[in-house]
Amino acid sequence: MTADAVDLAIVPTLDARSIAGQQMLPPHQLDAWPGLAPAADDDALARIGSQRIWPATGADRLLDPDAGALEASATRSIAGQEVFRAPLAEPETIAPTVDPAVEPVVAEEIPTVGSQGYEIGEEHPEIHESDALFEARAALELGAVELMIGRMSSQQLAGYRLLAEATLPYVDGDRFVDPAEYTTTNAAFHDYLFHVTGNTHLLEAYTALGVKGRMSEVLLNATWCHPLCTQDHMDIVTAFESGDRDTARALIAAHGERSKQTMRRAMADESASRKPKFVTPGRFASKVVIVTGAGQGIGEAAARRISAEGGRVVVADRSEYARAVAADLAVDGPGAIAVNADLESYDGATEVVKRALAAYGRVDVLINNVGGAINFKPFTEFTDGEIRAEIDRSLMTTLYACRAVLPTMTEHGGGVIVNVSSAATRGIHRIPYSAAKGGINAITASLAMEYAPAGVRVVATAPGGTEAPPRRVSRGTPAPADETEQEWFQAHIDQTVESSLMNRYGTLDEQAAAICFLASDEASYITGSVLPVAGGDQG
């Protein structure tokens, strides 16, 4: 076929003006414009309808071949407004706007845009990593199946079944009875198959995955488990006993998927547990708030709520968990920094305030949350060193932090200090701790009186027993050495519950609610007061 024939076949004269064979657009001859063309200004190419569209910098460079390349912003702008975002090839980090010496500023990562237009990392990367881990384990186990199916001795099969049965007591239906013990027995079950292969390369590849360690982290506080996980263990052993390769392979693949679902659910539950139950939007907008002991427990709960309510949080803690909390808050909140410091020294307290000022220029609120009983026993059993440790932990931390922050608060015309005391000012088997918290109440009353003329409010909460996940960093409480020490420890728990009119422990959200109320402008006419948050126990 000739080129002319192709053109006629593609665009016949009639069909180009027709719909369903009906001519809709009759031919019309347009003559050339008879008038004069308008004179072009130097920047005519930068205008539409006499309206300048591109900024002078970009247009002038466009018109002048000697001016060099266009600035990147000009090529992406219309009327001076940047419209097209610069393409990203690699993740960038936005440089902090504060003094770079203030190390714990959390930077923001700009997501990479993939070739199909979606953002890489829309789903939490931990989920992808977890999925990949169990996919890799399943792939290695399928290799172990090929090596061992029909080759395990009766003794090995008996050991394999015992390990499968050992996981059963720790799951009831779809609920974990004890996630830590399940993690241990589950790891023993999966480890066994790789050990009996005698293939060191396969075993080393499996060990390098670190499945048990990852499960220990994620399932620490998990409650839900896929209801078939433990039954899978039993069925896999049965498949090995009968030499059924296809069933064994199918079960291992299915078990991998169920393990992924269990881990996903645990991560989702953990993420949900971090979100404050109660939120008053905007209550701390533009406020800068230091929260001490914010790496876990009540301090972390208060920090998360303040961030959710618009506050910029200084997460102060001597543990590295402060960084993780600050990183979380920086994702959705207006800003957060982590400061690692030992608040049992005045130098540590001043370091926190110094870094807060370097990052944000002021401190509006200080929440003194650091503290907590270390030992639980009759007073005469305490050593001199143990008494000193309780006072340093639960009294001096607050005293030092108040001393460090008051100069900047008075200089800026006011602020709020919220101290966290305790209902244990009337409690048994922790007398040095009770004395320290009684001192907190005295500090609160006296500072409120002394600094009211400077515009500083000083208040406190007195929490009762509070439910919380297991501490990630221990206060140093020794495990009971014998039945007597266990009875001493249990006695203080019983007394705490009995002293509450509600006969229960409080929650982290309930404690954070009281702290945040007193810290906010809603409590602007409250100072010098200690608010019991203990289900009716007045302390």
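The values are calculated or read from the model by the stated rules, or taken from the named source; none is laboratory data. Bear in mind the structure is a predicted one, so any value in this text is a computation, not a measurement. Cβ sites come from the backbone with ideal geometry, for glycine too, and all protein chains shown count toward neighbours.
When ASP178 is tested against (1) within 25 Å of the chain's Cα centre (by Cα); (2) farther than 21 Å from ALA136 by Cα; (3) at pLDDT 95 or above, just one condition goes unmet, and that condition is (3). The set of residues from the range 211-226 being in contact (Cβ under 8 Å) with a residue 24 or more places away in the chain and either exposed (fewer than 14 other Cβ atoms within 10 Å of the Cβ) or of a type in the set (Val, Ile, Thr) (or both) comprises VAL211, VAL218, THR223. Looking at GLU390, GLU386, just one residue is buried (at least 23 other Cβ atoms within 10 Å of the Cβ), charged (D, E, K, R) and at pLDDT 95 or above, and that residue is GLU390. Of everything in the range 435-483, what is within 26 Å of GLY536 (Cβ to Cβ), modelled with pLDDT of 95 or more, outside any strand (DSSP E or B) and among the charged types (D, E, K, R)? Give them in sequence order. The answer is LYS437, and nothing else. Only a single criterion out of (1) more than 21 Å from VAL459 (Cα to Cα); (2) among the charged types (D, E, K, R); (3) more than 16 Å from the chain's Cα centre (by Cα); (4) surrounded by fewer than 17 Cβ atoms within 10 Å (Cβ to Cβ) is not satisfied by ARG362, namely (1). On inspection, ARG426 fails the criterion of being touching a residue at least 24 places away in the same chain (Cβ under 8 Å), closer than 22 Å to GLY455 by Cβ, assigned by TED's automatic domain parsing to the domain that holds ASP317 and surrounded by fewer than 20 Cβ atoms within 10 Å (Cβ to Cβ).
Does the range 228-281 hold any residues that are closer than 30 Å to GLU522 by Cα and assigned to a helix (DSSP H, G or I), and which are they?
Correct list: SER271, ALA272, SER273, ARG274.
Tallying residues that are over 14 Å from the mean Cα position of the chain (by Cα) and either part of a helix (DSSP H, G or I) or not assigned by TED's automatic domain parsing to the domain that holds GLU467 (or both) within the range 303-314 yields 1.
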